[in-house]
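One structure is given here, and the rest of the page talks about it.
The values are calculated or read from the model by the stated rules, or taken from the named source; none is laboratory data. Treat the numbers as computed from the prediction; the structure is a model and nothing was measured. Cβ sites come from the backbone with ideal geometry, for glycine too, and all protein chains shown count toward neighbours. Accessible surface is based on the protein model in full, side chains and every heavy atom, while ligands, DNA and RNA are left aside. Shrake-Rupley method; radii C 1.70, N 1.55, O 1.52, S 1.80 Å.
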Amino acid sequence: MKISVIGTGYVGLVTGTCLAETGNEVLCIDINEEKVKQMQNGIVPIYEPLLDVLFDRNIKEDRLRFSTSLQEGIDHGEIIFLALPTPEDEDGSADLSYVLGAAKDIGKLLTEYKVIVDKSTVPVGTSDRVKEAIANETKVDFDVVSNPEFLREGFAVDDFLKPERIVIGSSSERATALMQKLYSPFVRSGNPIIIMDEKSAELTKYAANSFLATKITFMNEIANFCEKVGADVDMVRLGMGTDSRIGKRFLFPGIGYGGSCFPKDVKALHKSGKENNYDFDILNAVIKVNDIQKKILIPRILSHFNKDLKGKTFAIWGLAFKPETDDIREAPALYMMEELLKHEANLKVYDPEAMPNVKRKFGDQLQYANNMYEAAKDVDALIICTEWSIFRTPDLDKLKQIMNNPVIFDGRNLYDVKEMKAEGFNYSSIGRTS
């Protein structure tokens, strides 16, 4: 099949590349000329495990191409994916200007039937607005489908190629048949393609992400309470996770969730509720708790250093919002660093992939280390913000030798509390007191 993908951000590029991998002819469109030239030259503009392999292979096989021409994209694809940004607006709602602007432009260029697919995460009712925007510009027949993505950064390629489910929101038999044909290679093992109306599909994505964010936030609340009463959140987590009704995933406490999806989607669903005279009380709490959790280590750090951080030097291990990505959007590390800088602390930072993105944001306010031990040299304390695998088994003797003080504030509970104390570290984690 011939597929066009409008927008080559995280979702668009993974979508286009993975669809090409099953033999489709995919044309990806982006208005950023420099980015398009990079991709045409075989350079992947984002870090995502395994994406570069598929990217190279499908470019060489001429199944994956890139252009800045929307007209070319409309002419090429029988199915046209909209994978455009829906950033958080000032009031917490999703900004649909990119999606609706593209819809209007598509309407002006249509000459034959096309299926327009909302791949971006959008509020309930967006498919109707996209239909209206296109219909106002054309008399040509078309259909609009909602097809939300469920990709985890760091595992996106595997998630796309082996999806747990595919959700298609469509009221058109013709469009549904085309979408089922497109996705049939991805569900040969029997995982479902779920057909529903457009509004339900739109809400499914927001509901799923908001539920997971709520689950994380609940565990963070439990962890904070564990510290008050002397319980161990790791034991509580194991006890809860073996209940099949709850499950083991998303029960790890820490310094809050971040990224491009959870913060934005929770706020957008909350705002959408208000617009429809419904107040999501539970989401009010999730947003509030997560904002506090991102800085939960700051009072401990201040207490340890007698509320005077001026001139103190801290190592930060992990800058991305999660491992296996270079994405720093809403990353807890950013909030930690901003607070520490306000207290005139010096920061030496290291992350395997996110350093360039952080450097663009913070510039020369930070010292950028070449490796984890260089970051920890001559520091007064180490702060762990992201659970990259390379941080899980450090050389503790080496750390003690190179740090000014053996002090660790662990926002991701990477180490055993008793072991760290036995090794002579002043070790603080989340929800564990012994």
* Scan region 177-202 and report the pairs whose first residue is closer than 19 Å to Ile3 by Cα and whose second residue is surrounded by 13 or more Cβ atoms within 10 Å (Cβ to Cβ) and of a type in the set (Gly, Ala, Ser), with Cβ atoms within less than 7 Å and a gap of 6+ or a chain change. => Met179/Ser170
* Pairs under 9 Å by beta carbon, first residue in a helix (DSSP H, G or I) in region 357-369, partner surrounded by 15 or more Cβ atoms within 10 Å (Cβ to Cβ) and of a type in the set (Gly, Ala, Ser), six or more apart or different chains? -> Asn357/Ala320; Val358/Ala320; Val358/Ala331; Val358/Ala333
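For every residue, the table says whether it meets (1) on the phi > 0 side of the Ramachandran plot; (2) in a strand (DSSP E or B).
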| residue | (1), (2) |
| --- | --- |
| Gly42 | yes, no |
| Pro45 | no, no |
| Glu48 | no, no |
| Val53 | no, no |
| Asp56 | no, no |
| Arg65 | no, yes |
| Glu72 | no, no |
| Asp75 | no, no |
| Ile80 | no, yes |
* region 371-391, residues that are assigned to a loop (DSSP other than H, G, I, E, B) and under 22 Å from the mean Cα position of the chain (by Cα) -> Cys385, Thr386, Glu387, Trp388
* Asked: Within region 136-156, restricting attention to residues that are of a type in the set (A, V, I, L, M) and surrounded by 15 or more Cβ atoms within 10 Å (Cβ to Cβ), which residue is nearest to Gly259 (Cα to Cα)?
  -> Leu151
* To do: Would you point out the residue of region 117-133, among those that are outside any loop (DSSP other than H, G, I, E, B) and either acidic (Asp, Glu) or touching a Phe, Trp or Tyr at 6+ places or on another chain (Cβ under 6 Å) (or both), that is farthest from Phe150 (Cα to Cα)?
  => Glu132
* Asked: Is it the case that some residue within region 75-96 is more than 21 Å from Val130 (Cα to Cα), touching a residue at least 24 places away in the same chain (Cβ under 8 Å) and surrounded by 18 or more Cβ atoms within 10 Å (Cβ to Cβ)?
  -> no
* So, of the residues in region 398-434 that are touching a residue at least 24 places away in the same chain (Cβ under 8 Å) and open to solvent by 70 Å² or more (accessible area, probe 1.4 Å), which turns out to be nearest to Arg237 (Cα to Cα)? -> Ser434
* Determine which single condition Val167 fails, assuming it passes every other condition in (1) closer than 29 Å to Glu48 by Cα; (2) assigned to a loop (DSSP other than H, G, I, E, B). => (2)
* If you go through region 170-187, how many residues are polar (S, T, N, Q), in a helix (DSSP H, G or I) and open to solvent by 50 Å² or more (accessible area, probe 1.4 Å)? -> 2
* Please determine, by comparing only the residues of region 248-294 that are of a type in the set (Ser, Thr, Tyr) and not in a helix (DSSP H, G or I), which one is modelled with the lowest pLDDT. => Ser260
* Tally time: how many residues in region 331-356 are open to solvent by 60 Å² or more (accessible area, probe 1.4 Å) and either over 24 Å from Cys261 (Cβ atoms) or part of a loop (DSSP other than H, G, I, E, B) (or both)? -> 5
* Among what's in region 98-135 and is under 21 Å from the mean Cα position of the chain (by Cα) and open to solvent by 30 Å² or more (accessible area, probe 1.4 Å), pick the residue that is farthest from Ile3 (Cα to Cα). => Val124
* Candidate set: region 24-50, residues that are touching a residue at least 60 places away in the same chain (Cβ under 8 Å) and surrounded by fewer than 19 Cβ atoms within 10 Å (Cβ to Cβ); chosen: the one nearest to Glu153 (Cα to Cα) -> Pro49
* Right, Asp56: more than 30 Å from Lys267 (Cβ to Cβ) and either surrounded by fewer than 23 Cβ atoms within 10 Å (Cβ to Cβ) or in contact (Cβ under 8 Å) with a residue 12 or more places away in the chain (or both) or not? -> yes
* Asked: Can you pull out the residues in region 295-330 that are in contact (Cβ under 8 Å) with a residue 60 or more places away in the chain, in contact with a Leu (Cβ under 9 Å, 6 or more places away or on another chain) and either within 24 Å of Phe225 (Cβ to Cβ) or not in a loop (DSSP other than H, G, I, E, B) (or both)?
  -> Ile301, Thr313, Phe314, Ala315, Ile316, Trp317
